[in-house]
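Take a look at the structure set out below.
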Amino acid sequence: MHFNNHNSTHEWVLKVENLTKIYGEHTENTLANTGPSKGTNICPETGSIVACANISFELFPGEVLGIVGESGSGKSTIVKQLFFDLDVTMGSALLRPFKNGEVNIFEESNQKKRFMRNHLMGMVYQNPRDGLNFAFTSGGNIAEKLLMADLFHVGKIRERAAELLDKTEVPVARMDDLPAYFSGGMQQRVQISKAIANNPPLLFLDEVTSGLDVSVQARVLDLIRGLQHELGIAMIVVSHDLSVIRMLTDRTLVLKNGRIVERGLTDQILQDPQHEYTQLLVSSLL
Amino acid sequence: MIENKKFNTSYNYAFIDETTKKEIRRKLLKAVCIPGYQVPYSSPEMPIARGWGTGGLHVTLAIIGQSDVLKMIDQGSDASVNACNLRDFVHMTTDCATTFDTREATIIQTRHRITEEKLSDKQIMVFQVPQPEPLRRVERYEYKTRQMHAESDYAKMWLTLYEAYVKWGDVMQGAGYPVMVNGRYIMSPSPIPRWDVPNLNNSECLYLFGAGREKRLYAVPPHTKVEPLEFEDVKFHVEDFSNVKCESTGYNVAYMDEMYQDDGVTKKFYVNDSNFLDKLIEKEEVVQHSNKYIKKIKDALQ
């Protein structure tokens, strides 16, 4: 496990510092006026909304980091910023496979950002409609990711797509069907295939099992765990569900009102929560 | 009384006023400088509605002079109503000479065809373009397609080709097959048949494209690399006329028209390019465009 190497600064694959997203006008007091101690993320002076603020963490190769918190606490905002779906207000992120982690990826050009999205990152959204294009076949959706990485050989594309669908337990015979004809769990598995198509070193999972029924949830979680063991991808798992966090992650950040209120090993947080909000979360676990 | 010479005629030479013509020429220069890039332009009012060939007319009228010889073709024919009317209009407002002969023309305005006869470096071909944006089928918002062009974000375009192959076993797009110009911009070659697409590559003449309704100009300068989009294992191909031949000449290494006869069942084929057909009938010597697809067909015939 890599979380033993916290002191070694050369190991991380992703290093995030002071990541902040504020909607609306803000003043220097905005951050002080919001947060868990104030119990709000709306600035009383300007009315601006602090989605997340001063988020700093490191992610190590092969590690699975959980981000947990109630809805509106800024969990998804963090991964959406890291995947360039949202612009950042402040903060930086360094990505080891990109220019050896020496540049703030948020300051790169759109072209470079798209390169990172296509080659170095994968994202699985809660709603398959965000991650998949429902007008294209499931094989086509995977092909899109491969075409973005300049693979222009139909035979090879189909081979890779079949391999990925097989790995994610989607019947390969349905490769040329539209994802609209699939069940929710299958759509989610196609989305995972697409996200890992280019073997990215980094994968974001945003509430991947939230819309699924329990038995399907279990299979998708199993799949993710299997892929993680097999491919050793570093992952950030966002969930409001502590059982998902417990099952998948090594380390966890607990978020409230856009701030990290507690961080540590997942087992530790679940067994011995320190912050009162974490205690509340853990005690309300069914 | 001082005679007012300025307003003696109801319109300027070549119909469009000089300032606007200058603007169009400037935009054309930009288009030539960035092959395949769509340059927005003013698209001034014409006596015909936008989308009825105004883009082509704007370009022709902006570059034409009295010494020019104009040929106007519509779907390969000099004689269609559209071609006749546009030719008369340009002739009336410019006093230029007109011709049917491809070789004599200095400016050829066309709708949906490139001539079968090879063009020289003394000639300019002007296309009327209904839809200049090749990405419109995959992305309906203009601001997004412009961003996609700016960043060469063409995965979606490729994906439609992949999907077509998966669904139908081939890329079905007949007219307006998307091309990559100079390794940078994907361009719509206007709805010319596949047969003509390879003739854009490394040509002697200058190709100018005008889309009046969409207010865009673009260009393929001489000796520019123009490649139809194709996969490494699924290749672009032109229309196959190997099983038919022209009813009047017996020729079949040209783009053909399919004519249904009065019984509604039988059909006959004719060479589509009217001037090329005339020359074949007269047994004149004609130099055809050469490209690897035509060469392959001719090699197979021998």
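The values are calculated or read from the model by the stated rules, or taken from the named source; none is laboratory data. Note that the structure is predicted; figures quoted are calculated from it, not measured. Methodologically, a virtual Cβ is constructed for each residue, glycine included, from the backbone with ideal geometry; neighbour enumeration extends over all protein chains shown.
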Selection count where residues are in a strand (DSSP E or B) and touching a residue at least 60 places away in the same chain (Cβ under 8 Å), scope the stretch A:241-277 = 11
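Just to be sure before I move on: is B:Asp233 outside the structural domain of B:Gly55 (by TED's automatic domain parsing) and not in a strand (DSSP E or B) in the structure I sent?
yes
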Flagged in the stretch B:65-117 as buried (at least 23 other Cβ atoms within 10 Å of the Cβ), out of contact with any Cys (no Cβ under 9 Å at 6 or more places or on another chain) and either on the phi > 0 side of the Ramachandran plot or of a type in the set (Asp, Glu) (or both), in numbering order, are B:Gly76, B:Glu116
Does at least one position in the stretch A:129-149 carry a residue that is assigned to a helix (DSSP H, G or I), of a type outside the set (Phe, Trp, Tyr), away from every other protein chain (no Cβ under 14 Å) and farther than 19 Å from B:Ala155 by Cβ?
-> no
Looking at (1) more than 24 Å from B:Gln131 (Cα to Cα); (2) surrounded by 18 or more Cβ atoms within 10 Å (Cβ to Cβ); (3) among the basic types (Lys, Arg), which is the only condition B:Lys296 fails?
-> (2)
Taking the condition without any contact (Cβ under 8 Å) to a residue 60 or more places away in the chain and more than 14 Å from chain A (Cβ to nearest Cβ), does B:Gly210 pass?
-> no
Checked B:Glu258, B:Glu230 against criteria (within 14 Å of chain A (Cβ to nearest Cβ), among the acidic types (Asp, Glu) and more than 30 Å from B:Tyr41 (Cα to Cα)); the one match is B:Glu230
Would you tally the residues in the stretch B:165-185 being buried (at least 16 other Cβ atoms within 10 Å of the Cβ), closer than 27 Å to B:Arg111 by Cα and within 13 Å of chain A (Cβ to nearest Cβ)?
-> 2
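Do we find that B:Gly53 is modelled with pLDDT under 95, closer than 17 Å to B:Ala211 by Cβ and crowded, with 19+ Cβ neighbours inside 10 Å in this structure?
yes
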